[in-house]
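Trainee: The following block contains the structure, expressed as structure tokens.
The values are calculated or read from the model by the stated rules, or taken from the named source; none is laboratory data. Note that the coordinates shown come from a computational prediction; the quantities given were computed from them, not determined experimentally. Cβ placement follows ideal geometry from the backbone for every residue including glycine, while neighbour counts extend to all protein chains displayed.
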Amino acid sequence: MSKSSQPSGYVEGSNVNPDGTRRELSNLNVQMIAIGGAIGTGLFLGSGSTIHRTGPSILLVYIIIGFFFYLMMRAIGEMMYTDPSKHTFVAFIHRYMGPKYGRFAEWNYWLTIVLTAMAEMIAISTYVRTWFPSWPGWLVQIVFLLAMMGLNLFVVSAFGKAETVMALIKIFAILALIVIGIIMVIMHYKSPTGHIASFTNVLGNFKMFPNGIDQFIFAFPMVFFAFQGIEFVGITTAETKNPRQVLPKAINQTLLRILIFYVGALFVIMSITPWRQINADSSPFVQIFSLAGIPAAGDIINLVVIIAATSSLNSFLFSGGRHLYQLALEAGPNKMQVFKTISLNGIPVYAVIGTAVLTLFAPIITATGMTDAFSFVTSISSDIYIIVCVLTMISHLRYRQSSEFLDHEFQMPLAKFSNPLTILFFVVIYASLFFSPTSIWAAVGASVWAIGFFLVIAYRDKHGAYPKDGSLSE
């Protein structure tokens, strides 16, 4: 590092932060948390519809989006490496773009986390009721929420270990599919419809746009949101052992592994069955395991999906608690005091509880049946996520131009060119939402919400509602 001074709030080699939180997460824990957030129910259940949209070229979509997420993670990693004391990467938006943009990003990203956690709870109850249809969905959600909240309130290491186990189960299911699929290809498996398993099913008679270029373009936002959650690496740093050793490894290895799991699984699926023969309304995992003669394939995947959703809920509660804690720190000395409390075991206890309490709207929505309205709101929230990504990359540019820039060994590669290119890519993804009939209204809603929310913050800031120094802590 070119500067001898350490960032405020971080002591090299210490496992206890000045605010009382503890650095108990290992490199494996951090990677599994990121994988747990990014590999969710979409891969196990929804990948059939994405395959039907573009065919084999969906692999290229995953690779392109994975590349730009890697660049964003390197930008986040560079800033977190400079100051590992921050509990959320969004805090850098506050620091380098000012309080108005910071509060916009922090509050909206926290709301995105809460809404996504609610969606995972609804998904969990849906899959559990596949086996137990008489169980009330709202009660299932409350039970799972209490279990994950209790886990998050215990100690950070317990959360990390639980997330590692659940993420490993998901990874095992994906690897099992890949291994079984390769064996079926080697044995030239013949399906009931007469198709021979072969890698040529993927690349033979390849067409880039088999259903039109518009379907290829519209696949980008769908895959983009599948990677949502990988940025959780930038939320664990303040509670990670030896963050300057772990962070580079976690970021460089995590995205590569996720790409292998996504691209590898989809490639094998399309090798076993020609992509046009895959049922878009059924889990491709169930279809392949059934063809392989595995008994109770549907039940196995249903269990994996429940674990996947529970893992995501676990990560979202962790992330949401740290974001609410960071928001409380930035609110000033006399505001949101309760959410600044750190328990004896190093947990921002009331910030975690506050996030969990808000997710209780999920059981209420389930009980009232307002699922369509909730899906629309969740889509708006997901679109806001793209805006946060853009602001994160702009913050990295500002960081590079600031006096706090440190010429350390973990920098974003070719940042002068790759950063603006990543911003442009995210903007194009957001713009594409307005051209798809399935996403246009959510995109309009996200734009209206973003403008309105920012104007409210700007008005309150103008009238002295917030501290003027833009500090990130008291």
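Trainee: Which of the residues that make up the range 199-235 are over 13 Å from the mean Cα position of the chain (by Cα) and among the β-branched types (Val, Ile, Thr)?
Mentor: Thr200, Val202, Ile213, Ile217
Trainee: Another question about this same structure. Please determine whether any residue of the range 383-393 is surrounded by 15 or more Cβ atoms within 10 Å (Cβ to Cβ), charged (D, E, K, R) and either part of a loop (DSSP other than H, G, I, E, B) or touching a Leu at 6+ places or on another chain (Cβ under 7 Å) (or both).
Mentor: yes
Trainee: Looking at the range 357-402 only, could you name the residues that are of a type in the set (Ser, Thr, Tyr) and either at pLDDT below 90 or within 18 Å of the chain's Cα centre (by Cα) (or both)?
Mentor: Thr359, Thr366, Thr368, Thr371, Ser375, Thr378, Ser379, Ser381, Ser382, Tyr385, Thr392
Trainee: Take the conditions at pLDDT below 85, polar (S, T, N, Q) and buried (at least 22 other Cβ atoms within 10 Å of the Cβ) and apply them to Ser47. Does it pass?
Mentor: Answer is yes for this residue.
Trainee: Ser134 versus (1) over 22 Å from the mean Cα position of the chain (by Cα); (2) part of a helix (DSSP H, G or I); (3) under 21 Å from Leu303 (Cβ atoms): which is the lone unmet condition?
Mentor: (2)
Trainee: Can you tell me how many residues in the range 422-433 are in contact (Cβ under 8 Å) with a residue 60 or more places away in the chain, out of contact with any Phe, Trp or Tyr (no Cβ under 7 Å at 6 or more places or on another chain) and either within 13 Å of Met72 (Cβ to Cβ) or polar (S, T, N, Q) (or both)?
Mentor: Within the range 422-433, residues that are in contact (Cβ under 8 Å) with a residue 60 or more places away in the chain, out of contact with any Phe, Trp or Tyr (no Cβ under 7 Å at 6 or more places or on another chain) and either within 13 Å of Met72 (Cβ to Cβ) or polar (S, T, N, Q) (or both) number 1.
Trainee: Only one residue in Leu317, Leu327 is part of a helix (DSSP H, G or I), touching an Asp or Glu at 6+ places or on another chain (Cβ under 6 Å) and buried (at least 17 other Cβ atoms within 10 Å of the Cβ), so which one is that?
Mentor: Leu327
Trainee: Which of the numbered conditions does Phe417 fail, given that it passes all the others? Conditions: (1) within 27 Å of Ala226 (Cβ to Cβ); (2) touching a helix residue (DSSP H, G or I) at 6+ places or on another chain (Cβ under 8 Å).
Mentor: Only one criterion in (1) within 27 Å of Ala226 (Cβ to Cβ); (2) touching a helix residue (DSSP H, G or I) at 6+ places or on another chain (Cβ under 8 Å) is unmet by Phe417, namely (2).
Trainee: Also, I was wondering about something else. Against the definition (closer than 30 Å to Thr273 by Cα, free of Cβ contacts under 8 Å to residues at least 24 places away in the same chain and among the polar types (S, T, N, Q)), how does Thr193 come out, yes or no?
Mentor: Criteria not met by Thr193.
Trainee: Being over 30 Å from Arg129 (Cα atoms) and without any contact (Cβ under 8 Å) to a residue 40 or more places away in the chain is true for just one of Met370, Met336. Which residue is that?
Mentor: Exactly one of Met370, Met336 is over 30 Å from Arg129 (Cα atoms) and without any contact (Cβ under 8 Å) to a residue 40 or more places away in the chain, namely Met336.
Trainee: May I pose another question? Among the residues that make up the range 263-285, is at least one of them over 24 Å from Ile182 (Cα atoms) and assigned to a helix (DSSP H, G or I)?
Mentor: The answer is no; no qualifying residue exists.
Trainee: In addition: For residues that are at positive phi and buried (at least 20 other Cβ atoms within 10 Å of the Cβ), tally how many sit in the range 203-236.
Mentor: Summing the residues that are at positive phi and buried (at least 20 other Cβ atoms within 10 Å of the Cβ) in the range 203-236 gives 1.
Trainee: What residue, of Pro284, Pro348, Pro333, is crowded, with 21+ Cβ neighbours inside 10 Å and either more than 22 Å from Leu45 (Cβ to Cβ) or aliphatic (A, V, I, L, M) (or both)?
Mentor: Pro348
One line per residue, one yes/no per condition, for (1) buried (at least 21 other Cβ atoms within 10 Å of the Cβ); (2) hydroxyl-bearing (Ser, Thr, Tyr); (3) more than 22 Å from Phe376 (Cβ to Cβ):
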position: Met73; (1), (2), (3): yes, no, yes
position: Asp83; (1), (2), (3): yes, no, yes
position: His87; (1), (2), (3): yes, no, yes
position: Ile93; (1), (2), (3): yes, no, yes
position: Tyr96; (1), (2), (3): yes, yes, yes
position: Tyr101; (1), (2), (3): no, yes, yes
position: Ile113; (1), (2), (3): yes, no, no
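Trainee: Does the range 419-442 include one or more residues that are in contact with an Asp or Glu (Cβ under 7 Å, 6 or more places away or on another chain), of a type in the set (Gly, Ala, Ser), farther than 27 Å from Ala91 by Cβ and surrounded by 17 or more Cβ atoms within 10 Å (Cβ to Cβ)?
Mentor: yes
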